[in-house]
1. Which three extents, in whole angstrom, do the alpha-carbon atoms of segment 24-68 cover along their principal axes, largest first?
2. What list of ³J(HN,Hα) values in whole Hz, one per residue of segment 265-272 in order, does the Karplus curve 6.51 cos²θ - 1.76 cosθ + 1.60 (θ = phi - 60°) give from phi, with Gly and Pro shown as x?
3. Hey, quick one: spin label on I433, modelled 7 Å out along Cα-Cβ, who in segment 446-467 has an amide N within reach, i.e. under 20 Å?
4. How much area per residue is accessible in the chain when the probe is 1.4 Å and only protein heavy atoms are counted (Å²)?
5. Based on the Cα atoms of segment 50-136, what semi-axes does the equivalent ellipsoid have, where each is the square root of 5 times one gyration tensor eigenvalue, given in whole Å with the largest first?
6. As a quick test, which of the pairs K216/K243; K89/K216; K227/K269; K257/K479; K216/K275; K375/K441 have an alpha carbon distance above 23 angstrom in this structure?
7. Restricting to Cα atoms and excluding each atom paired with itself, what does the Kirkwood estimate give for the chain in Å?
8. Tell me, what ³J(HN,Hα) does each residue in segment 232-244 have, in order and in whole Hz, if you take phi through Karplus 6.51 cos²θ - 1.76 cosθ + 1.60 with θ = phi - 60° and put x for Gly and Pro?
Amino acid sequence: MGKFIPNLFNLAVVVYVALGSTSCSYGLAILGSTVGQPSFYKSLKLAPQGEPGYERTASLIGAFNGVGAAGACIGAIINSWSADALSRKLTIQIGAIVLCIGAALCAASVNVGMFIFARLFAGVGIGMLVTCIPMYQAEVSTPESRGFMVSMHGIMFAVGYGLSSWIGYDVYFISAGGSESTFPWRFPLAFQAAPALLMLVGSPWLPYSPRWLMMKDRFEEAEAVLKRLHDRKGEENHETAVKEFYQMRRQLEEDRKIKSTVSRFEVFKTAANRKRVAIVAAMMWFNMFTGVLIIANYAVLLFTQLGLTGSTPLLLLAIWITISFPGNVFTALYVDRFGRRGFMLVGAIGIEVSLILECVLQAVYTGSSNTAGQKAAIFPIFLFICFWSSCFDATQYLYMAEIFPNAIRGQGTAVGMANQFAAQIIILVAGPIALNEIGWKFFLVMACPTAVYIPVIYFFFPETRNRSLEDINAEFGDKVAVHYYGATAEEQEEYAQAVDVENHGGVLATKGDMSEVVHHVEHAEKS
């Protein structure tokens, strides 16, 4: 089936669980089209843009997005415990349930207070899902296909963004036709539960992460799951899966020799782990300060400032978001070939150029009578999404899920997503107020940190492509028990003997102490 897909079951698992990703992105973006629905303002007694009292509305719109990000931050923190204690699979199921309840509350809101609480509640589910899904995908993927597989999270994220914008655009015409119905804003908010419900219904057939099973000493289950996930055409005895399993067992035993238990703050204990935390924290803060969520959530307000009216701002938002789908597909196809670091460098440079162009054009033409100049200011916004979707969107979640060791991957991804959502709170709360008060100057606020981000990626972000999750430890100075990527001749021989031992008695799965497995391998080598 090729380099990207070891077998259809593996692909089905990573795509199906990513239905939760679709619900997350839909929920994060839906307010972008909701603020374009006249009935939303009327139902919650808010002043539309351009009318007296809009300053209060701008603050509340920021609050609606801010509490959603705050809830997601809480969900990410919950994941730091639940992903290890309850399993990645159960955490995803719980997150889907919380998100569905939150979506129902959002759609049923009758006042500002209820809507704020509903957004907070839904945000918790989003935080749990968006943190755990890419981690789960990374752990069920092969080293060679991990970039492609975890990019399914980004692709399905793009699907959610697209659904939110096109549904918002379509229902606008109900109000444009003179209807007083609240359907144009209630139905889109309720629909964020649909993909999560679909994922939840079929989730019992999803396997547990083999690495989580090994953490719980359920080795036979872990080996059986790994063989099913990584079964390859032409391999009669699952040789590659056995090799991966052997490395995981060796690394688990090596890690346990160093420390028998993992503390709640293990992610901050060692220099290598602190370096990992610094990298993911920098990545998430810099990524959010490119302004991607400003455009995604407030593009309707931005396009209105450029003189566009009626359904046109919603249409442009829908097209803008739809462009992110082929961009994420590009990532899935090529990130394993060109590497995570290269993608992020190209993306940061392209986004910086886009922000500078947008800043200049808005400074010159916003508020003027030059309609051609105002339309020209739309181009850098679309250039921005081309670079973001193809270089950053999926890559950030892939990179974060890769660089933490198995024992603290739940903690590490939770810290990373907590940082992302903390940055979102600042950006989304300040966004509508800043666009209303300082206009084009806000793009300077985004261009400056993006310029700093370029050398940060170049000097501090190690490359991880084609390495197993265990191999990546070496990039941070940790010991690797036996290498999968760049294995020495001795290590290749060790793998070959391990496969032979497995095929003649199943020792890898049945023995509780890896030292016994190593003994069998060494004995076979001497023979």
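The values are calculated or read from the model by the stated rules, or taken from the named source; none is laboratory data. Here the structure is a predicted model, which is why all the values come from computation and not from measurement. Here the Cβ positions follow ideal geometry from the backbone for every residue, glycine too, while neighbour counts run over all protein chains shown. These accessible areas exclude ligands, DNA and RNA; they are computed on the full protein's heavy atoms, side chains included. Shrake-Rupley method; radii C 1.70, N 1.55, O 1.52, S 1.80 Å.
1. Largest first, segment 24-68 extends 34, 19, 16 Å along its Cα principal axes.
2. For segment 265-272, the Karplus curve yields 10, 4, 5, 10, 6, 10, 4, 5 Hz.
3. 446-447
4. Roughly 36 Å² per residue, with all protein chains present.
5. 30, 13, 8
6. K227/K269; K216/K275
7. Result for the chain, one decimal place: 23.8 Å.
8. Result, ordered by residue: 10, 4, x, 9, 7, 10, 6, 4, 5, 5, 5, 4, 4 Hz.
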